[in-house]
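Worksheet: one structure, shown below.
Quick note: the coordinates plus some simple rules give every number you see, no bench work behind them. Keep in mind that what you see is a predicted model, and the values were worked out from it rather than measured. A quick note on method: Cβ atoms are made from the backbone with ideal geometry, for glycine too, and the neighbour counts reach across all protein chains shown.
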Amino acid sequence: MVTLLATVLIHIARAALLVFGVTVLVFILVRAIPGDAVDVLAIEGGLTDSQAEAMRAGLGLTASWLDQFTAWCLSALRGELGESLRFHVPVADLLLQAIPVTLALGAASLATGFVLAVAIALIATLRPRSIVASLVDILNIWSIAIPTFCAGLVAILVFSLWLGWLPVLGNFLVPVIILGLDAAGQIVKPLHEEMKELGTAVYIRTARAKGLHPLKIVIGHILPAAAPVLLAMTGLVAASFIGGALTMEVLFGLPGVGSLAFNAVNGRDYPLIQAVVLFLAVAVILINALTDLAQRLVDPRPER
Amino acid sequence: MISSTKVRRHALLTACGSLLLASSVSLPVIDASGQTADAPVHGGTLRLATLGLDTSDPHRHTGSIGVQQVYAESLTSIAPDGSTTPWLAESYEVSDDGLTYTFRLRDGVTFHNGDTLTAGDVLANFERVRENVEGGWLASAMGFTESFEAPDDRTFVVRLSEPYAPFLNLISELWILSPASPGWDETITQPIGTGPFLFGEWIPNISLVAPAFEGYWDGDLPYLDALEFNLTELSDPSLALRSGDLHIAPVSGDQLPIIAEAEDIDIQRLKDTSWYFWSFNNRSPRPPLDNVRVREAITYALDKQAYMAFIAGDQGIVTNQMVIPGNYYFDEALHEADQHAGADLDLARQILAEEGVDPSEVTLEVVSWQSPYAEVAVQMVRELGFDVEHAALEDLGAQQRLSQYDWDLAPMGSGPRADVFLRYVRMMSDGPNPVLWGGVQDEAYDQTVAAAVAETNPALRRQHYLDAWEMVMDNYWTVVAGHAPTVFGVRDEVEGFEFGFTYGPHYAGGGVAHAWLAP
């Protein structure tokens, strides 16, 4: 019990340190790139040098980086993420509007990819010479070779412009399918390889010799044994979806966290960038922690 | 290329088209069955993408004005020909000395909260802008105001400390809001205006849904139930236009041929143009470009016809001025006398030789946005034998680099503006964001533009501006290649809508209030 508590505390401390490190890094990086929010406004309109300086001071951008960082950390610890420099609305409001979109897109895509990958891996293990077995490699190559952005553009051309079946803006179905295929391609190959390997194990041969139905062998014995690989790959893909659905969001006009971050960087909206990165860091750490936990549940051997 | 004659013809046709359109709106045709043809239809939501919306507080804008107009109106409006017309003011008078502006407010105008617009409300708006707004065109204009008065509910008087010619044009962007608007003392979060549509629900960088205002003062306008602005930074808005997700969207030059062929989409242009120019580093010019003859020689490498054709295809307008033929401030004689109307590489090389410059020994630092036309400029300069280091940077990167004044040439462009002064001011010593024009600092130029601004006689003011422009040309601070229209695609089902002089989708007598969706 004490060991478990110590492990949990170490994990939390490590996560907090990671979040702090990411926050510091992003704080420095966004200020190192040229321009700030006032420059963005100046480009769009007409600020004289003195007007720009007055605005910069008013937004607190003339304070030292240390002062700015300290002020932001203290606010964040109080649960206040500040106000957008560009839109003058609470950052928390913007984030709360974007998170559900990203979570829905990520969850739906992951579920699609997960189900597809497991189904194909199962069939390919059951029927190694069937056409489905070749889908493993096709999907895997697809996910490596076809950028989701290109697939999205082709889908728009075919389904929205030529066939007129689907809208471009706010289209949820096509991004889910594209991201789902991408996820499936990443998961299915290692899963299938693991299942093939397990299929040669002694206890599987014994099960076959006893006349157990092949489907029962695959579902009841091989798949559970391959679960650690499935979980690890799913966790990796899930973490990448938190911020990695940007291209789909931009292409289909979906107002998620990815496009929020993209616009925040373009607008040099420092408080918004910091908040988005904080969310992404915490989300990735949480996903990794949940994956770890699930791994321990399905395979307790590493603890022993 | 469009010649000046063609432009006039186009303008005439556009004007005739507008008249026909206006007559079709006011006098619907009744066919044999007694049904009206092409009569405005009430209802529907118009989905459009123009510019973004950075703030819910219309007084704090610093640019990117393409949305506010639908929920907030101003005393004056910019007409499609660029002139000023009354709007919330039904009339105005300017004193002979140009110091006193008296506005007579329109009767029966109500804010979205039901309150009647009074001169006191207008005064409160002008005071708020003067006291609270730090940046943008309006802050500069308010610097000339001495006092505001509201002698009665429908009369508003502004007194200036000195004549300021752009005043009427600039206050076309001073939105009149109810002082009861939430956030009035800080940042307005829910503007209560007088426009044909309400502020509605705004999600920054995503959308603004603006429902129709049933108590709008202008007849039975608007016809639409609502507007839905798409504020996302779409990778290619024309895709959403072609699919029908948007009714109105900007069309980039490379997409224009595709959209032009689409049977269900019409092409519209803002009446003002974007101008394209090459600026030299005027703040701290480096040898040999500190020699005006060398700048002249480099300008001879500019093939304006090819350059503008690359930028705008057959929509490009070649000239040497910051406004196009037909504009009051355009000068035909200057245009005809343009010695750089065509490239002359031999003459350029001759001038360089006379000035003792061997281009092969000179590396020019060119800074640009990541616009393809900048590379065309670079190739033209390379034709003279110069070595060129080209830094094509994203917007803010270019802005920062230009502000360091460690470069030689910047091929740039700038969009429509409500007043010609907003173009001239860029080259004044204390002008706003001067980097695109090389940071000119010249006392004589400043004085000439100041004289134009202070001149109450339009003809004399025009002459001052032209004098200032001749200084620009003679010194080769900035060389104009030409102009290109800002193009939008408008789907066929949108009726009664026409873009005005600038991006504003609602203006006196036109825009989205007059639009309807064909069933």
Computed over chain B, the Cα gyration tensor eigenvalues, each multiplied by 5 and square-rooted, give semi-axes in Å (largest first) of 41, 28, 21
Which whole-number percent is the relative contact order of segment A:101-298 (Cα, under 8 Å, 6+ apart)? 28 percent
Size-normalised alpha-carbon gyration radius of the protein assembly as shown, reference 2.2 N^0.38 Å: 1.10
Where in chain B are the helices, taken as whole DSSP H runs, whose Cα atoms extend 18 angstrom or more along the long axis and whose Kyte-Doolittle mean reaches at least 0.0? B:4-26
About its Cα centre, what dipole magnitude does segment B:175-231 give when the only charges are +1 on Lys and Arg Cβ and -1 on Asp and Glu Cβ, stated in debye to the nearest 20? 100 debye
Inter-chain Cβ neighbour average for residues B:50-60, partner chain, 10 Å: 3
Using only the Cα atoms, work out Rg/Rh for segment B:92-171, with Rh taken as the Kirkwood radius, to two decimals. 0.97
Charged-residue dipole, Cβ positions (Lys, Arg, Asp, Glu), chain B about Cα centre, Debye nearest 20: 340 debye
Where nothing but the Cβ of Lys and Arg (+1) and of Asp and Glu (-1) is charged, how large is the charge dipole of segment A:2-77 around its Cα centre, in debye to the nearest 20? 460 debye
Calculated [θ] (222 nm, deg cm²/dmol) that DSSP helices of n ≥ 4 give over chain A, each run adding -39,500 (n - 2.57): -25000 deg cm²/dmol
Other protein chain Cβ atoms within 10 Å, averaged over every residue that makes up A:30-37: 3
Segment A:183-240 - Debye-derived log10 I(q)/I(0), Cα point model, q = 0.12 Å⁻¹: -0.31
In whole angstrom, and with the biggest value first, how far do the Cα coordinates of segment A:2-77 range along each principal axis? 64, 19, 16
With 10 Å bins from zero, work out the P(r) of segment B:270-328 over every alpha carbon pair and list the percent per bin. 19, 42, 28, 10, 0
Taking only Cα atoms of segment B:230-290, the Rg to Rh ratio with Kirkwood Rh works out at 1.25
Dipole-positive endmost among A:257, A:114, A:175 within segment A:101-298 (Cβ charges, Cα centre): A:114
If you build the convex hull over the alpha carbons only and average its shadow over all orientations, what do you get for segment B:436-519? Give it in nm² to one decimal. 8.3 nm²
Per residue of B:240-246, other chain Cβ atoms within 10 Å number on average 6
Kindly express, to the nearest 10 degrees and within the range 0 to 90, the angle between helix A:257-266's C-alpha long axis and the longest C-alpha principal axis of chain A. 40 degrees
Given contacts defined as C-alpha pairs under 8 Å and at least six residues apart, what's the relative contact order of chain B, whole-number percent? 21 percent
Cα-based Rg / Dmax (Å) for segment A:101-298: 19.4, 66
